[in-house]
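Visitor: Please read through the structure below; I'll follow up with questions.
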Amino acid sequence: MSTTIHTTSQALPVEPEAGKRKLSTAKAIQEAIAQQMRTDDSVFVMGEDVGPYGGIFSSTTGLIEEFGPTRIIDTPISETAFIGTGIGAAVEGMRPIVELMFVDFFGVCMDQIYNHMAKIHYESGGNVQVPMVLMTATGGGYSDGAQHSQSLWGTFAHLPGMKVVVPSSPYDAKGLMTAAIRSNDPVVFMFHKGVMGLGWMKKNKRSIGAVPEEPYEVPIGKARVAREGTDVTIVTLSLSVHHSLDVAEKLEKEGISVEVIDLRSLVPLDRDAIVASVSKTGRLIVVDEDYQSFGVSGEVIASVAERQPELLKHVARVCVPDVPLPYASQLEYAVLPTPARIEAAVREAVAS
């Protein structure tokens with residue numbers, strides 16, 4: 001591996017115009033990684049099947065052909081070992097991108113993630129930085145079973161010391177990955193399988209979108225108004241942004257105006273954006289493909305209730321109930337935050 005360390009201090013454009021060039025989310029992630037690897041020799045990728053296979057969800061397709069096996073490193077099936085290796089490289093000045101194939105696998109390596117990656121900067125009195133990206137796949141809907149279908153971003157957001165980003169679009173995926181690589185803090189980058197735009201998965205028109213060719217950043221910690229509305233606010237993230245936009249478009253024909261807030265980041269959480277939207281609508285629905293209890297949905301609601309509780313005329317949550325994700329498709333879709341469940345929640349809200 002090259003020992004030349006380049007800095008990442010040169011400023012990049014922040015949220016430029018998207019333009020007309022279209023990419024899938026997977027291609028956008030690949031492009032972000034490749035562009036940073038070309039300009040910074042300290043950036044490298046490691047994980048299971050990230051090399052010739054290109055990542056099980058195509059997050060690293062084509063990278064080994066350009067950068068070779070010393071910078072795109074296939075690892076054994078030992079999450080504790082290769083995440084620990086990434087942490088060690090980061091504290092020594094490298095900028096590793098380490099892929100945890102499924103977020104569900106965090107259990108075998110959480111000591112490395114939380115007791116080391118997330119705490120080294122604090123425990124060193126701020127003297128040691130850990131500029132590492134932990135990239136991982138999330139989400140259900142594909143009959144992958146209880147051990148390969150969870151989202152779990154609330155688990156990581158609950159634990160201090162890590163930034164957590166969850167893109168829903170190709171544009172945000174590239175910008176957030178670029179920002180994550182350039183950050184001097186550990187960043188957990190969580191992509192839903194359903195937003196990647198893979199041909200062998202369920203078709204999703206929103207998984208392909210306009211992406212600038214030049215490198216740019218999407219600020220970590222800044223939410224986006226994905227759709228403006230006046231009757232009800234949906235605060236959501238990841239694939240549920242797509243579902244919420246579909247519902248909003250459908251209900252617009254009936255005169256129901258839905259505002260959709262795409263959080264994009266959980267840590268930091270853009271509480272101001274949440275409150276600003278609810279101050280317009282007075283009705284809040286949180287849609288979250290993570291478990292309902294002790295998670296993101298409650299935190300979003302608290303962001304309003306603790307600041308301006310008088311804004312809330314109606315509050316509801318559309319989340320995964322506190323059960324393991326079923327393998328059987330009909331049972332799985334019964335617990336996921338589907339468009340039908342979101343629509344029902346919006347109709348109840350505007351009727352209140």
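The values are calculated or read from the model by the stated rules, or taken from the named source; none is laboratory data. Every value quoted in this text rests on a predicted model; they were computed, and no experiment measured them. Neighbour counts run over all protein chains shown; Cβ positions are idealised from the backbone, glycine included. What goes into the accessible areas is simple: the full protein's heavy atoms, side chains included, and nothing from ligands, DNA or RNA. Shrake-Rupley method; radii C 1.70, N 1.55, O 1.52, S 1.80 Å.
Visitor: Which of the residues belonging to the range 121-144 are at positive phi and either at pLDDT below 95 or under 16 Å from the mean Cα position of the chain (by Cα) (or both)?
Guide: Passing the criteria: GLY139, GLY141, SER143.
Visitor: If you go through the range 241-279 one residue at a time, how many are hydroxyl-bearing (Ser, Thr, Tyr), open to solvent by less than 10 Å² (accessible area, probe 1.4 Å), in contact with a helix residue (DSSP H, G or I) (Cβ under 8 Å, 6 or more places away or on another chain) and part of a helix (DSSP H, G or I)?
Guide: 1
Visitor: Can we say GLN112 is surrounded by 17 or more Cβ atoms within 10 Å (Cβ to Cβ) and either closer than 27 Å to GLN10 by Cβ or among the charged types (D, E, K, R) (or both)?
Guide: no
Visitor: Determine which member of the set ARG341, ARG271, ARG264 is of a type in the set (Lys, Arg) and farther than 24 Å from ALA180 by Cβ.
Guide: Criteria check complete, one pass: ARG341.
Visitor: Which of the residues that make up the range 280-296 are in contact with a Leu (Cβ under 7 Å, 6 or more places away or on another chain) and surrounded by fewer than 17 Cβ atoms within 10 Å (Cβ to Cβ)?
Guide: None - no residue of the range 280-296 is in contact with a Leu (Cβ under 7 Å, 6 or more places away or on another chain) and surrounded by fewer than 17 Cβ atoms within 10 Å (Cβ to Cβ), so the list stays empty.
Visitor: Next question. Please count how many residues of the range 24-73 are part of a loop (DSSP other than H, G, I, E, B), open to solvent by 10 Å² or more (accessible area, probe 1.4 Å) and either over 19 Å from THR136 (Cα atoms) or acidic (Asp, Glu) (or both).
Guide: Looking only at that region, the number is 6.
Visitor: So which residues in the range 303-331 are in contact with a strand residue (DSSP E or B) (Cβ under 7 Å, 6 or more places away or on another chain) and of a type outside the set (D, E, K, R)?
Guide: Within the range 303-331, VAL304, LEU312, HIS314, VAL315, ALA316, VAL318, CYS319, VAL320 meet the criteria.
Visitor: Residues that are in a helix (DSSP H, G or I), touching a residue at least 24 places away in the same chain (Cβ under 8 Å) and under 30 Å from ALA11 (Cβ atoms): does the range 219-240 have at least one?
Guide: No, the range 219-240 contains no residue that is in a helix (DSSP H, G or I), touching a residue at least 24 places away in the same chain (Cβ under 8 Å) and under 30 Å from ALA11 (Cβ atoms).
Visitor: Can you find, within the range 178-190, the residue that is farthest from GLN292 (Cα to Cα) among those that are of a type outside the set (S, T, N, Q) and part of a helix (DSSP H, G or I)?
Guide: The qualifying residue farthest from GLN292 (Cα to Cα) is ARG182.
Visitor: With VAL350, VAL335, VAL323 as the choices, which residue is more than 19 Å from LEU263 (Cα to Cα) and in contact with a Pro (Cβ under 6 Å, 6 or more places away or on another chain)?
Guide: VAL335
Visitor: Next question, about the same structure. Answer yes or no: is there a residue in the range 297-318 that is surrounded by fewer than 19 Cβ atoms within 10 Å (Cβ to Cβ), of a type in the set (Val, Ile, Thr) and not in a helix (DSSP H, G or I).
Guide: Yes; the residues of the range 297-318 include at least one that is surrounded by fewer than 19 Cβ atoms within 10 Å (Cβ to Cβ), of a type in the set (Val, Ile, Thr) and not in a helix (DSSP H, G or I).
Visitor: Out of the range 90-103, which residues are in a helix (DSSP H, G or I) and either modelled with pLDDT under 95 or open to solvent by less than 20 Å² (accessible area, probe 1.4 Å) (or both)?
Guide: The answer is ALA90, VAL103.
Visitor: Can you report the number of residues in the range 153-177 which are in a loop (DSSP other than H, G, I, E, B) and either crowded, with 22+ Cβ neighbours inside 10 Å or touching a strand residue (DSSP E or B) at 6+ places or on another chain (Cβ under 6 Å) (or both)?
Guide: Residues meeting the conditions: 5.
Visitor: For the range 105-152, name all the residues that are in a loop (DSSP other than H, G, I, E, B), touching a residue at least 24 places away in the same chain (Cβ under 8 Å) and closer than 29 Å to ASP40 by Cβ.
Guide: Residues satisfying the conditions are CYS109, ALA118, LYS119, VAL128, GLN129, VAL130, PRO131, MET132.
Visitor: Okay, moving on. Can you name every residue in the range 332-352 that is under 20 Å from LYS280 (Cβ atoms), in contact with a strand residue (DSSP E or B) (Cβ under 8 Å, 6 or more places away or on another chain) and either part of a helix (DSSP H, G or I) or not hydroxyl-bearing (Ser, Thr, Tyr) (or both)?
Guide: Once the filter is applied, which keeps residues that are under 20 Å from LYS280 (Cβ atoms), in contact with a strand residue (DSSP E or B) (Cβ under 8 Å, 6 or more places away or on another chain) and either part of a helix (DSSP H, G or I) or not hydroxyl-bearing (Ser, Thr, Tyr) (or both), the range 332-352 yields ILE342, ALA345, VAL346, GLU348, ALA349, VAL350.
Visitor: Examine the range 322-331 for a residue that is part of a loop (DSSP other than H, G, I, E, B) and either without any contact (Cβ under 8 Å) to a residue 24 or more places away in the chain or within 15 Å of ASP231 (Cα to Cα) (or both), and state whether such a residue exists.
Guide: So far as the range 322-331 goes, yes, one or more of its residues are part of a loop (DSSP other than H, G, I, E, B) and either without any contact (Cβ under 8 Å) to a residue 24 or more places away in the chain or within 15 Å of ASP231 (Cα to Cα) (or both).
Visitor: So which residues in the range 187-215 are under 28 Å from GLN129 (Cβ atoms) and open to solvent by 10 Å² or more (accessible area, probe 1.4 Å)?
Guide: Correct list: GLU214, PRO215.
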